[in-house]
Amino acid sequence: MKILDRYILVSYLKTFVSVFVILMFIFVLQTIWLYISELAGKDLDLEIIFRFLLYFSPKLIPLVLPLTILVSSIMVFGSFAEKYEFAAMKSTGISLQRAMRSLMVFILLLSGIAFFFANNVIPWSEYKSLNLRRNIAQLKPAVAIAEGQFSEVGDITIKVAKKSGDKGQFLDDIIIHKKNPQRTGNYTVIKANKGELTSQEGSNTLSLILKDGNYYDEIFQKDPKKQQKKPHAKSYFDEYTINIDLSGFNDIDLEQEQELSNEKMYRIGELKNEIDTLASNYSKEVQKFPQDIKVRSGVTTINTNYKAETSDTKPVDNILDVYENPDKKQILEMAISNVNGAIQTIEAKKIDLYNKQKRINKYEIALHDKFVITFGCIVLFFVGAPLGAIIRKGGMGLPMVIAIALFLTYHFIGIFAKNSAENGKIIPFVGSWFSTFVMLPLGIWLTYRATTDQGIFDLDAITQPIGSFFKKLFKIKSSDL
């Protein structure tokens, strides 16, 4: 490796590592903010929180890595141009492409690493993080009662307007929904003006002492007619105590892993197999459904069920004319009922097929995303490097603003295109690659402008014709005078 290549590569690597660490830190903080509700109040130790962030970090690479390449390229090449280092290179016959050679090798290597992450590490982290989230969600703190919202504690769901006391043990305006293992729903409601949480040291029992309240319990009746009257029991109490067993709350194995599955957990080969299976089942279901509707309509059994009473039948214009009015009414009601049932079945099947097609689209998008991150890194490098050489500005100011604007454009175009692809408005291939296809012409154009020492916009090409026009116009007016 020549001295120039080493110098450019080392300068780029220093900026790349710094920007990557900063952006990764920002996105990790965003992850904590997004999932703070799942972590807060769970009495988790630092090891579990560290594992949580470790499992989520690889999933941030598709966002952090392209943005890091774009920002670093603009900053480094902008700094070279600002310090006239490119001018010195060109004076010795070294072109921009030659100066970028070592970095192109690095970006190709980095793209290969990104592909490995997308195909191997990210599926693993998705599986691990989802299992850890499910296990953390089952952890219940000893006292996790927040003001102004319902909190689940044992077999009750409680909401308080205000907490006071040195340990938050005094409660005001309490509403409790008590669970019943034999019935699903909120059939027992307790309201109290005051309350207090008490527990002896070392005890696994939490006592909730309610004062000045009402108790409402809806009574279930097997007889539907009696149940329509909504029988219930209601009572008033001066003091009522609820004991909550806390012994099993934190008895959760955070290492436990369940068989979970989504499109982000598969590698390329597994995605292809899953897509083939889903598409095959979808096609069979689409072909079978019209036959099922036909059988349900009874059309296929008309000839077998119909028997003429006599052979002396006269032709009629309307089959209903054969029947009396009461029979006509009954036949029409049955027909309307059958048609409405068929319509409901078709609408339900339409929604079901839409969801299944959407799932297939998600799997296809996940398959293309494995390759998009690889080519996205390359394209954004050829956007950022020549753009930095053109704007001739290094540092964290203007280059960072331009890089973020370009990346947000790239990112949001990708999001909108993928959402359209999931909904079936465009094919998944276009939805996955659309943002890359948009940036590719920009990268080619910027590289051409930078290698030919042209700015982003050739202002002379615009101002000179306008100036010539006004000069000729003034000359004509002067000659007229």
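The values are calculated or read from the model by the stated rules, or taken from the named source; none is laboratory data. These figures come from a predicted structure and were not determined experimentally. Every residue, glycine among them, receives a Cβ derived from its backbone with ideal geometry; neighbour counts consider all protein chains shown. What goes into the accessible areas is simple: the full protein's heavy atoms, side chains included, and nothing from ligands, DNA or RNA. Shrake-Rupley method; radii C 1.70, N 1.55, O 1.52, S 1.80 Å.
Before moving on, here are some points about what is shown:
- Peptides ranked, highest mean first, by Cβ atoms within 10 Å: ranges 287-297, 367-377: 367-377, 287-297
- Computed over region 353-396, the Cα gyration tensor eigenvalues convert (square root of 5λ each) into semi-axes of 38, 10, 7 Å, ordered from largest to smallest.
- Using a probe of 1.4 Å, the accessible surface attributed to K14 totals some 140 Å² when neighbouring protein chains are kept in position.
- Per-residue surface analysis assigns E274 an accessible area of about 50 Å², computed on protein heavy atoms at 1.4 Å probe radius.
- Residues whose amide H comes within less than 5 Å of that of Q169, counting only those at least five positions distant or on another chain, are S164 (H built at 1.01 Å from N in the peptide plane).
- For region 38-133, the set of chymotrypsin sites (Phe, Trp or Tyr not before Pro) satisfying both a DSSP loop assignment and a count of at most 14 other C-beta atoms within 10 Å is given as Y84.
- Rounded to whole Hz, the Karplus (6.51, -1.76, 1.60) HN-Hα couplings of region 418-423, x for glycine and proline: 5, 4, 5, 5, 4, 7
- Peptides 66-73, 170-177, 378-385, 234-241 ordered by average Cβ neighbours within 10 Å, highest first: 66-73, 378-385, 170-177, 234-241
- Heavy-atom accessible area with a 1.4 Å probe sorts W445, W33, largest first, into W33, W445.
- Accessible heavy-atom area order of K418, K211, highest first, probe of 1.4 Å: K211, K418
- Taking every protein chain into account, the accessible area of region 372-433 amounts to 43 square angstrom per residue (probe 1.4 Å).
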